Amino acid sequence: MQNEVSLTQDPIEPSIFQKGREYLPAICHMVNDTAQGSLPALLPLFITNYGLTYEEVAIIIFFNTALASVAQPFFGYLADKRTFWPSVPMGIMICCLSITAIGFVSSYESIILCSLIAGFGSALFHPEAARWVNALSGQKKGKIMGYFSVGGQAGFAVGPILASTAYIWGPHSLVIFAAMGALLVTFYLLAKPYKLVTARQKQTKQSQTIINQNDWRSFNILFIIIAARSIIFSVLNTFIPIYWITQLGQNTASANFALSAFFICGVIVTLIGGTLADRIGFVKVIRYCYVLLVPIMLAFTLSDIYWLSMLLLLPLSFGVFSQYSPIVILGQQYLAKNIGFASGITLGLGITLGGIITPLIGKLADMYDLQTAWLTLNPICWLALLATFLITDLPRFKLKNKE
């Protein structure tokens, strides 16, 4: 009787690389999104140093997300045609180096350029990384995607903390992002996880008995939910630090702590959302999130009390982040023939799309105030809630067996 050899084992590799492969997707996601997550925490610094308005700082986020919004589905389409594993380390390094460069430039236009390039790096990373996770996830897709998503949320939580070094030691301290990216990319190149992904994909093709199909109708409805979450996420990510300072009268440290707290809660509830989706269904988790968000978003918007705003961050975080993994999995199930493209929309565009709307919210905030501008998020929550009643966990098409 022959012994079976696990695809994750390689007897000639050091054990650190075998073990590291299990957590590497989440770690890569964390480092990439740490760089991206640092940008909103730097906005108060830009306002102070350059005298920018709300609209102008929102434009920085717009440029960070505009190119990425177009590029991510395109890179996802290319990933479906042919696997290009270098896009993962390249995306990480471009993103990290761009954030570091912000600490060494001296004009508003240069900051916009750096934020634009950082968005490009993030767009390059997400589609291929999501295919990587899908190839490894097996039956527990919600749980495994939850781990990967937790890496991203952890990055957005750590990003503001690392960005705070610019307030303490000066903008040049942002070189920490370049060092962090270089260290991870070195480990990635030594561990060669793409070999494992290739083996898993070949194994899946050999054992597959159903022809993959696309359910575009369900995916189009899901896109309404993706866009709603992206807008809510981007607006909160951009303006929580500014709101803490201007409306609640707190200092910069307190503002960055609030943003980090929002994402730290997100790390926990993202994992809960993925695990819960495997038990009760993906659509139900998303629906319950918006049932919660409708009243909580309104309460958070109208709060002028510091301790109440801090308390509301927890349920707000649950509503925003718990739906993340279920959305990604549903997208991949609806577009089973184009997982890379689906991932470019759900993982990539699902984060960056809201950045296009953020300048409009900034314009409203300049004209009135942040509370008035944030009231626009409530009808968006209602629209997403209604959309959850028009989709199901299973794609709507007839299964075709392989001949």
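Listed values, structure above:
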{"quantity": "Residue identified as buried (at least 22 other Cβ atoms within 10 Å of the Cβ), modelled with pLDDT of 90 or more and either under 18 Å from PRO73 (Cβ atoms) or under 21 Å from the mean Cα position of the chain (by Cα) (or both) among LEU353, LEU330, LEU347, LEU385", "calculated": "LEU330"}
{"quantity": "Whichever residue in the stretch 245-287 is crowded, with 20+ Cβ neighbours inside 10 Å and aromatic (Phe, Trp, Tyr) and, among such residues, is nearest to the chain's Cα centre (by Cα)", "calculated": "PHE263"}
{"quantity": "Condition met for ALA118 (within 27 Å of ILE264 (Cβ to Cβ) and in a helix (DSSP H, G or I))", "calculated": "yes"}
{"quantity": "Test result for GLY155, touching a helix residue (DSSP H, G or I) at 6+ places or on another chain (Cβ under 6 Å), among the small types (Gly, Ala, Ser), closer than 30 Å to PHE318 by Cα and modelled with pLDDT of 90 or more", "calculated": "no"}
{"quantity": "Residue within the stretch 104-114 that is in a helix (DSSP H, G or I), within 20 Å of ILE176 (Cβ to Cβ), small (Gly, Ala, Ser) and more than 21 Å from the chain's Cα centre (by Cα) present", "calculated": "yes"}
{"quantity": "Among the candidates ILE242, ILE226, residue that is crowded, with 20+ Cβ neighbours inside 10 Å and modelled with pLDDT of 90 or more", "calculated": "ILE226"}
{"quantity": "Qualifying helices (runs of 4 or more DSSP H) (wholly inside the stretch 291-378; at least 2 residues being closer than 23 Å to LEU52 by Cβ and either in contact (Cβ under 8 Å) with a residue 60 or more places away in the chain or among the aromatic types (Phe, Trp, Tyr) (or both))", "calculated": "354-367, 370-374"}
{"quantity": "Tally, over the stretch 224-263, of residues that are farther than 17 Å from PHE46 by Cα and not in a helix (DSSP H, G or I)", "calculated": "4"}
{"quantity": "Residue check for ALA79: of a type in the set (A, V, I, L, M, F, W, C), surrounded by fewer than 24 Cβ atoms within 10 Å (Cβ to Cβ) and in a helix (DSSP H, G or I)", "calculated": "no"}
{"quantity": "Residue check for LEU43: buried (at least 20 other Cβ atoms within 10 Å of the Cβ) and assigned to a helix (DSSP H, G or I)", "calculated": "yes"}
{"quantity": "Filtered residues of the stretch 361-380 (kept if more than 22 Å from ARG229 (Cβ to Cβ) and either of a type in the set (Phe, Trp, Tyr) or in contact with a Ser or Thr (Cβ under 7 Å, 6 or more places away or on another chain) (or both))", "calculated": "ASP366, TYR368"}
{"quantity": "Residue check for GLN72: over 18 Å from the mean Cα position of the chain (by Cα), at pLDDT below 85 and not acidic (Asp, Glu)", "calculated": "no"}
{"quantity": "Matching option when the condition is buried (at least 24 other Cβ atoms within 10 Å of the Cβ), closer than 22 Å to ILE356 by Cα, in contact with a helix residue (DSSP H, G or I) (Cβ under 6 Å, 6 or more places away or on another chain) and modelled with pLDDT of 85 or more, among THR34, THR53", "calculated": "THR34"}
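The values are calculated or read from the model by the stated rules, or taken from the named source; none is laboratory data. As the structure is a computational prediction, the values presented were derived from the model and not from experiment. Glycine also receives a Cβ, built like all others from the backbone with ideal geometry; neighbour counts cover every protein chain displayed.
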